[in-house]
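Here it is, the structure in full.
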Ligand SMILES: O=C(O)CCC(=O)C(=O)O
Ligand SMILES: [Fe+2]
């Protein structure tokens, strides 16, 4: 992550978050969101705002559609309007076995999938 973050965030960076994202049976899915919305100025700039945050999500258990693999709206980091709602047909699921990871700029929309029948664990670092 250090190599990638150093390249993407040219002025240097801080480790912002390191947290387990454990989702279990009966829990509601998280709404589709962009983490960069924590800093609205970057939402206003949309695709022209500077890259301010990058993330890695590591699967601690298998990520399948059934257990709520994170959904990502591919290409949403290039939208002109970051407040536009994504259409469900635009989602792709980050299906991957445990111990794999995916890396994203924090501009994309993403959400965990539907309520899982078993525990789904992820580790997020931003
Ligand atoms: O747990 C997930 O699938 C997504 C987590 C998330 O939204 C985040 O780490 O910011
Ligand atoms: Fe998030």
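What follows is calculated from the coordinates using simple rules that are stated; it is not laboratory data. Every value quoted in this text rests on a predicted model; they were computed, and no experiment measured them. As a convention, Cβ positions derive from the backbone with ideal geometry for all residues, glycine included, and neighbour counts pool all protein chains shown.
What is the spread of the Cα atoms of the stretch 1-69 along each of their three principal axes, largest first, in whole Å?
Sorted from largest, the Cα extents of the stretch 1-69 read 41, 28, 18 Å.
Compute the length gained on full extension between residue 124 and residue 81: take 0.36 nm times their separation in residues and subtract their Cα-Cα distance, giving the result in nm to one decimal.
Values: separation 43, 0.36 × 43 = 15.48 nm, distance 2.56 nm.
Taking 0.36 nm per residue and subtracting the Cα distance, the gain is 12.9 nm.
Compare 54, 72, 92 in a GNM of the chain, Cα atoms joined below 10 Å, and give the one with the largest fluctuation.
Per the Cα network of the chain with a 10 Å cutoff, 92 tops the list.
Which of 12, 75, 29 moves the most in a Gaussian network model of the chain with Cα springs under 10 Å?
12
Please provide three numbers in whole Å: the alpha-carbon extents of the stretch 36-102 along the principal axes, with the largest listed first.
35, 25, 17
When you have a sec, figure out the Kirkwood radius of the chain from all distinct Cα pair distances and drop it here in Å to one decimal? All intermediate terms of the calculation are to be shown ahead of the outcome.
On the way: mean 1/r = 0.0665 Å⁻¹.
Hydrodynamic radius (Kirkwood, Cα only) of the chain equals 15.0 Å.
If you don't mind, another one. What distance in nm lies between label points placed 7 Å from Cα along the C-beta direction at residue 27 and residue 90?
2.6 nm
Can you give me the relative contact order of the chain as a percent, contacts being Cα pairs under 8 Å and 6 or more apart?
On the way: 258 pairs, mean separation 54.2, N = 126.
About 43 percent, as a whole number.
Could I have the simple spin-label model distance between residue 56 and residue 74, label points 7 Å from Cα toward Cβ, reported in nm to one decimal?
With each label point 7 Å from Cα toward Cβ, the separation is 2.3 nm.
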